[in-house]
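The values are calculated or read from the model by the stated rules, or taken from the named source; none is laboratory data. Nothing here was measured: the structure is a model prediction, and the numbers come from that model. All Cβ positions, even for glycine, are placed from backbone atoms using ideal geometry, and neighbour counts span all protein chains on display.
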Amino acid sequence: MPGNYYFSNTYEESRAGFREKLSEVKRYWPDAGLETYYIGSREDDNTTDIIAADAIEETKDLIIITTGEHGVEGFTGSAVLQLFIEEYLPEINHKTTGIRLVHAVNPWGMRNFRRVTESNIDLNRNYIKNWGEVTGSVDQTYAREKELFVPAEPLENVRSCKEELHSRLNEAFTTEELADFKDTPSGQHEYRTGVFYGGKDWDEPAQELKSRYLNWVREYDHPLHMDIHSGGGPKDELTLIFTEAESRSEDRLQEDLSYSHVMKSASEDIYGDSNLYMQERVQEDFPGKKTVVCLFEFGTIGESVNDLIFCTRTMINENRLYFQGARKKEVREEVNMDFARLFYPSREEWRKQVIDKGREGLEAVLRSENIQVESG
Ligand SMILES: [Zn+2]
């Protein structure tokens, strides 16, 4: 099977492919349906699409898969949804399992090849319990070099946005700080056009998903949520990341999943993490349920200092290009190429390993949660 089989080039192509899968899902759940809601104005036609089906006899397990929280990462997410529907749905016990498969939580971002929403918000920093505590807050490392992160002028030339920015970042930050920017940036809730902006209030896509999610889990004993991302973690690896609200230790999780790339996120300095928020909400509202949330992170870039700088540099340039533009076409092309390399590589080998590792990850999680009924 060619490596590109599951991967689309545009948001609309990806969405059409997902919508077509409803008929396949109906083979197992005849009452399955497609729910669609708009994000932004109807004319823009950016929708979040959900294939939903409820357990036929007894509402025990609920599998939720979300994709495209970071718009552009939705292409990898969509590939994983296709894989899941084709290879894993047939093996699931339809009598006791329900599904909610979510295509593009942030469809505007996916259509426009950005991570953020139309309001420049990183949705994974937007799930805030108490807005009064964070509005106006800016991480100290970020504040120290604010003018790098908040764009003021168009991009000049390739040299200044690559080599010169590279050495400036190298001087300004420690390796540890650069690693945080790559995988766990703290975010900021002040500068609307800045990188890593978490917003000053709930953004529409987060609001829409949150209210549905809490209704979906209501009927089920065991909600299992897998949230698909790309760009973070070690290159060409799939890292499975559990939240702090998970009671098992990292070692225990590795053992339970028989998978070595398992982590628990330690997010003391991070506000607005969506998976942590949802898992804690479910635990608080429904203490009797066994809720499990796992983020799939498909790595694209290495962990050397140069690689870390590449990631921050690319985030800064892409954001500056969006708000201020570039004086030259070649700069625009370079920045877009770097951004694709970071979040949606076109390399055939990368796409092939997403499918191979995706299978390993889905199997590890489903098996450890006793959901898969036959081995694939
Ligand atoms: Zn992401």
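Evaluated against (1) within 16 Å of the ligand (Cβ to nearest atom); (2) under 21 Å from LEU295 (Cβ atoms); (3) in contact with a strand residue (DSSP E or B) (Cβ under 8 Å, 6 or more places away or on another chain), ASN120 falls short on exactly one condition, (2). In the range 279-297, the residues that are of a type in the set (Lys, Arg) form Cβ pairs under 7 Å with partners that are surrounded by 15 or more Cβ atoms within 10 Å (Cβ to Cβ) and not in a strand (DSSP E or B), at six or more places apart or across chains, as follows: LYS289/VAL217; LYS289/ASP221; LYS289/VAL282; LYS290/ASP221.
For GLU246, the test of being at pLDDT 95 or above, within 16 Å of the ligand (Cβ to nearest atom) and surrounded by fewer than 22 Cβ atoms within 10 Å (Cβ to Cβ) is failed.
GLY233 meets the conditions (1) within 15 Å of the ligand (Cβ to nearest atom); (2) at pLDDT 95 or above in every case but one. The failed one is (2).
What about VAL105, is it in the same structural domain as ASP61 (by TED's automatic domain parsing), touching a Gly at 6+ places or on another chain (Cβ under 8 Å), of a type in the set (A, V, I, L, M) and not in a helix (DSSP H, G or I)? Yes, satisfied. Kindly indicate whether any position in the range 63-73 is more than 16 Å from the ligand (Cβ to nearest atom) and in contact with a Lys or Arg (Cβ under 9 Å, 6 or more places away or on another chain). Yes, the conditions are met somewhere in the range 63-73. Across the range 326-345, the number of residues qualifying as surrounded by fewer than 17 Cβ atoms within 10 Å (Cβ to Cβ) and farther than 17 Å from GLY71 by Cβ comes to 7. For the range 188-205, the criterion of being part of a loop (DSSP other than H, G, I, E, B) and of a type in the set (Val, Ile, Thr) is satisfied by at least one residue. If the condition is being crowded, with 17+ Cβ neighbours inside 10 Å, assigned to a helix (DSSP H, G or I) and either polar (S, T, N, Q) or in contact with a Cys (Cβ under 6 Å, 6 or more places away or on another chain) (or both), then the range 294-325 contributes THR312, THR314, ASN317, ASN319.
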